[in-house]
Structures are given as C-alpha cells and as structure tokens.
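So the structure is just underneath, and the comments pick up after that.
The values are calculated or read from the model by the stated rules, or taken from the named source; none is laboratory data. The shown structure was predicted, so the numbers you read here are calculated from the model rather than taken from an experiment. Using ideal geometry, Cβ is built from the backbone for each residue, glycine included, and neighbour counts are taken over all protein chains shown.
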Amino acid sequence: MTVTLEQIKKLRDATGVSTMACKKALEEANGDQEKAVEILRKKGEAKSEARAERSTSQGVIAIVEKSGKAAIINLACETDFVARNEDFIASAKKVAEETLKDENFDAKQIVADLNFKLGEKIEVKEKKIIEGKVLGSYIHSNNKIGVVVALSGGEVEMAKDIAMHAAAMNPSYLNPEEVPEESVAKEKEIWKELLKKEGKPEQIWDKIMIGKEKKFREENALIKQPFVKNPEITIEKLLGTNKVEKFVRLSV
C-alpha cells in the first residue's frame, strides 16, 4: 500500500520517530495509524533491549512539593541533548508528581514512552520522599542538582536558603557525628604520611590529628559549614533555635 506524506507527518508528529520508520510502519499497517503506532512501539521495545547495557550518566532532577511533603527524583538518560528535551523535563516532573502521590509509583510506562520517542536508555535512577514542618527546595539552573530540606521550624525562605547552600557545598552528612569512622580512619592514614614528610615529632601527632579530625567532620557536615551567602556564620548559627530534621541532595 502507498502511504501519503500527510499520513507520515501525522504519525511522526504523534510519535517523534523518523520519517522513514513511520513510512515503513504505515505500509506494514496498511495505513492504519493505531496499528502503525503499535508496530513502532514493538520495535522500540526491541531496541530497548539493546540499550539495556548503555550508561545513563546524564539526566535531570525534578522536585514537587505539597502539604509538607516533597518528592525528589533523578530521571536519567544517555546524553545531555536528551536531558534538555522539553518532553524529557516534563516527564521528570510528572514522575515526581506521581511519586508524591504514591511512593511506590511505577514509572515504567512514562519511561517506555520516552524510550520510544527519544531513542535512548532512560531510567528513574533515584527517588526520595521527604516530609517536615517547614520544607524548602532548590534546583540548580541546569536541572543537574536538587535539594530538599526539612526544618523543625522557621520560615520557608530559610529552608530554601539552606537547600541552595547544600546544592553548592555538597555536604555528605547532617551532623559531624554521622561521618563514618572508616572515612576518618582513611584520612588519618593520609595525615600520618603528611606529618611524617613534614618532619613533625611523632609524640605530637595524636594532638594534631584530633584537630584535623574535627575539621574533617565539620567540613562534611551541613550544620557546621559556613553559610554560602554569609560565611561569617555557620548553618547552625543561621538556624538559631530551629533544626534541620533531614535533607536530601540528588545530582546527575
């Protein structure tokens, strides 16, 4: 059967698939648009198997908040070109919205549609739900970093400022005590080698390393970091009587 340019254009507009692929699908479906879509979907699924081992190192972060609860997700893809696609960004927001409604939401259909339309391996790499009395969130302008912060009290603007700070300074933990002992032990080995090279007397190593450990723990803990908008105060000082209950930072 001969298909018209109008039929091909209609199918291409609906699916985003190449003109040649649309032409072949329409010919196979004898001009039936719905059957042609099914054919393309089946072929898309076959291609997705070949994409399974590809790396998804690009993507976007999406955050949706409502009534003291927020969902933050990382929708991943293969290339930055696809990560900038409007449909891809809108789909990430949709996944976050549905995850906020149901933490167990399965984004399989959304991912399959994107796979089909954009031709890359796409997956939901991470998703988190965070709740709190006062929530604040921040997404960097390139959509590659997102943070949600839950405070025990205070203003939303403060929570947003702390979220922006966490995006910029990348703290690994909330409090210094949360830094794992194994991480500290690895650093101590490095410090010992440096002290040896510097010729410091071995009898004062322990005293020096107490100070180094304190600094290391505080540098990696959100509440002890100097506030990025005013380095004269720490996040702890900024909070006053309030506390950070929890924070989640995702990045591509």
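Results, tabulated for the structure shown:
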{"read-out": "Cβ pairs under 9 Å, 6+ apart, first in segment 53-65 and within 21 Å of Glu103 (Cα to Cα), second among the aromatic types (Phe, Trp, Tyr) and assigned to a strand (DSSP E or B)", "value": "Ile63/Tyr138"}
{"read-out": "Selection from segment 202-217 of residues that are in contact with a helix residue (DSSP H, G or I) (Cβ under 9 Å, 6 or more places away or on another chain) and not aromatic (Phe, Trp, Tyr)", "value": "Glu202, Ile204, Ile208, Met209, Lys212, Glu213, Lys214, Arg217"}
{"read-out": "Sole residue being of a type outside the set (Gly, Ala, Ser), under 30 Å from Asp206 (Cβ atoms) and not assigned by TED's automatic domain parsing to the domain that holds Val17, chosen from Val124, Val184, Val95, Val82", "value": "Val184"}
{"read-out": "Of residues in segment 124-146 being part of a strand (DSSP E or B) and of a type in the set (Gly, Ala, Ser), the one farthest from Ser55 (Cα to Cα)", "value": "Gly136"}
{"read-out": "Flag for Glu187 being surrounded by 10 or more Cβ atoms within 10 Å (Cβ to Cβ), at pLDDT 95 or above and in a helix (DSSP H, G or I)", "value": "no"}
{"read-out": "Given (1) surrounded by fewer than 21 Cβ atoms within 10 Å (Cβ to Cβ); (2) over 21 Å from Arg84 (Cα atoms); (3) of a type in the set (Val, Ile, Thr), index of the condition Val149 fails", "value": "(1)"}
{"read-out": "Residue list for segment 83-127, restricted to those being in contact with a Ser or Thr (Cβ under 6 Å, 6 or more places away or on another chain) and of a type in the set (A, V, I, L, M, F, W, C)", "value": "Phe105, Ile110, Leu114"}
{"read-out": "So Ser91, is it hydroxyl-bearing (Ser, Thr, Tyr), without any contact (Cβ under 8 Å) to a residue 24 or more places away in the chain and on the phi < 0 side of the Ramachandran plot", "value": "yes"}
{"read-out": "Odd one out for Lys207 among (1) among the charged types (D, E, K, R); (2) more than 33 Å from the chain's Cα centre (by Cα); (3) surrounded by 11 or more Cβ atoms within 10 Å (Cβ to Cβ)", "value": "(3)"}
{"read-out": "Residues (among the aromatic types (Phe, Trp, Tyr) and either in contact with a Phe, Trp or Tyr (Cβ under 8 Å, 6 or more places away or on another chain) or part of a loop (DSSP other than H, G, I, E, B) (or both)) located in segment 206-222", "value": "none"}
